[in-house]
């Protein structure tokens, strides 16, 4: 994450998943609203090979922290949750205030 300090863009934080794996494709999709960031990982395999997931990060006075990991909650191999549509015309992540949408 970068933030503008008044004259330059500087690194504020590096967001990483608590359970990251090289094949998760963490960061493939990103949605930001204020102090909330949702990061897609369509290669995550918690609910089956390529089922995907999304991670919710929130910034408070102490910095950025992972608040949740969203998964399909079932056996959804190849759902690629947290990625993009095959046509690449539409992102599958959205965040607005206290609501997050992750398309499967």
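Please list, ordered by first then second residue, the pairs with beta carbon atoms under 7 Å, 6 or more apart or interchain, first in segment 18-37 and without any contact (Cβ under 8 Å) to a residue 40 or more places away in the chain, second part of a strand (DSSP E or B) and surrounded by 12 or more Cβ atoms within 10 Å (Cβ to Cβ).
Within 7 Å, the pairs are 24/41; 26/39; 26/41; 27/39; 35/58; 35/59.
Please work out which residue is farthest from the chain's Cα centre (by Cα), limiting yourself to segment 1-19 and to residues that are closer than 16 Å to residue 68 by Cβ and surrounded by 11 or more Cβ atoms within 10 Å (Cβ to Cβ).
Step by step, filter segment 1-19, then rank; the result is 19.
Results for (1) modelled with pLDDT under 60; (2) under 24 Å from residue 1 (Cβ atoms); (3) outside any strand (DSSP E or B), shown as yes or no for each residue.
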residue: 58; (1), (2), (3): no, yes, no
residue: 67; (1), (2), (3): no, yes, no
residue: 72; (1), (2), (3): no, no, yes
residue: 76; (1), (2), (3): no, no, yes
residue: 87; (1), (2), (3): yes, no, yes
residue: 101; (1), (2), (3): yes, yes, no
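Select from segment 20-43 the residues that are under 13 Å from residue 54 (Cα atoms) and loosely packed, with under 14 Cβ neighbours inside 10 Å and write down the one among them that is nearest to the chain's Cα centre (by Cα).
Going through the qualifying residues, I end up with 32.
Counting only residues that are farther than 15 Å from residue 20 by Cα and over 13 Å from the mean Cα position of the chain (by Cα), which one in segment 50-63 is surrounded by the fewest Cβ atoms within 10 Å (Cβ to Cβ)?
Here the answer is 61.
Mind checking which residues of segment 3-49 are part of a strand (DSSP E or B) and touching a helix residue (DSSP H, G or I) at 6+ places or on another chain (Cβ under 9 Å)?
Correct list: 41 only.
The values are calculated or read from the model by the stated rules, or taken from the named source; none is laboratory data. These numbers come from a predicted model, not from an experiment. Cβ coordinates were reconstructed from backbone atoms using ideal geometry, including for glycine residues, and neighbour counts include every protein chain displayed.
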